[in-house]
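What follows draws every value from the coordinates through simple rules; no lab data is involved. Everything quoted here is computed from the prediction, not taken from an experiment. Counting neighbours? That spans all protein chains shown, and the Cβs are built from the backbone with ideal geometry, glycine included.
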Amino acid sequence: MTRLGAMTRAGRSLRVPGSTLRDDSRGATIVEFGLVLPVMALLIMGAYDVGHTLYATTTIQGAVQKATRDSGLETASVAQQAIIDARVTKQVKFLAKDANITITRRNFRSFAAATNVMEQYTDTNNNGTCDNNEPYDDDNRNGTRDQAGTSGQGGAKDAVLYTVVATYPRMFPLAGMIGVAPTTTVKASTILSNQPYGDQVQAAVGHCNP
């Protein structure tokens, strides 16, 4: 038997000393998986966090719309409004048990007023500024033209802006690693009118400074 034949006995190929480790690809898959896994985990958790936020926003918006309709009934006393708010709070807590929840009601004399930041005025000189003793609707009756509307459910025919703001820890535990805030804030609001069960209270009339 020749020397070459002895080295290739039992079907083994000739290998140069030191080349075995370099050419051996066994275990490469687990190394590659170890490199890809962190990125995959971040993507999956991030997608879950975004999905939960969208779901929470949609669910809370639905709860807000029902709460506003129920609050607009003539029978919705202050005590009944508290019960309605408690239902909304329960739904939010079901989505995020550690949520910090703020519920506000602000009433306006009309839908148009509800979309404005400031109390409406009559621009008699058409210069786009409330001046020259022009009249404005003093909704909150404080003698000053300021933010439109007043706090609370209001009365008959008033438009009510019902708002729920919920802040809770993110579902994504590693948000800080990518510079994202550790909490998520979801806001939902809607405007609906109270039932016309009586005459609407008229706003006082103020006058802008000359």
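Quick notes
- The Cα trace of segment 25-207 gives Rg and Dmax of 23.8, 87 Å, the first to one decimal, the second as a whole number.
- Cβ-defined net charge surrounding Asn100, 13 Å radius [Lys, Arg +1; Asp, Glu -1]: +2
- Bins of 10 Å, starting at 0 and running to the largest distance - Cα pair percent for segment 63-165: 14, 38, 26, 15, 6, 1
- Packing-based ranking, highest mean first, of 41-52, 91-102, 156-167 given that Cβ atoms within 10 Å are counted: 156-167, 91-102, 41-52
- Here the simple spin-label model places points 7 Å from the Cα toward Cβ, and for Lys187 and Asn126 these points are separated by 3.6 nm.
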